[in-house]
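The values are calculated or read from the model by the stated rules, or taken from the named source; none is laboratory data. Small disclaimer: the values here were computed from a predicted structure and weren't measured. No Cβ is skipped: glycine too gets one built from the backbone with ideal geometry, and neighbour counts run over all protein chains shown. Accessible surface is based on the protein model in full, side chains and every heavy atom, while ligands, DNA and RNA are left aside. Shrake-Rupley method; radii C 1.70, N 1.55, O 1.52, S 1.80 Å.
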Amino acid sequence: MKVGTIKRAKGLELKQVLLARVDGSLLSPAAADLDEGALERREIERRELYVGMTRARDGLWVGLRTRCDRHDVRPGPGSPTDSLLGA
């Protein structure tokens, strides 16, 4: 297993690729109310995502971020992840 960034994977071919916490809005059309700077940042992110996705030879897994991920909200007490978080 190799772990790296999309930028370091450019030009490589990998058997399996896992892209975690991808912003789902990158997979849909751009909102009409975005300013020029936001549109440019979005296009850069989309190009990087394309590079990451096209590195996969046999398998590709794309995990989408949720709203909770964006704010790094931890699960509440009693959640199934308590044992993982040391709670």
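Quick one: G78 ticks every box in (1) in a helix (DSSP H, G or I); (2) at pLDDT below 85; (3) open to solvent by less than 90 Å² (accessible area, probe 1.4 Å) except a single one, so which number is it?
If we test G78 against (1) in a helix (DSSP H, G or I); (2) at pLDDT below 85; (3) open to solvent by less than 90 Å² (accessible area, probe 1.4 Å), just (1) comes out false.
If a residue must be open to solvent by less than 50 Å² (accessible area, probe 1.4 Å) and either in contact (Cβ under 8 Å) with a residue 24 or more places away in the chain or over 14 Å from the mean Cα position of the chain (by Cα) (or both), how many such residues does segment 32-45 contain?
The number of residues fulfilling the criteria is 2.
If we keep just the residues of segment 1-15 that are outside any helix (DSSP H, G or I) and of a type in the set (A, V, I, L, M, F, W, C), which is least open to solvent (accessible area, probe 1.4 Å)?
Across segment 1-15, the extreme among qualifying residues is L14.
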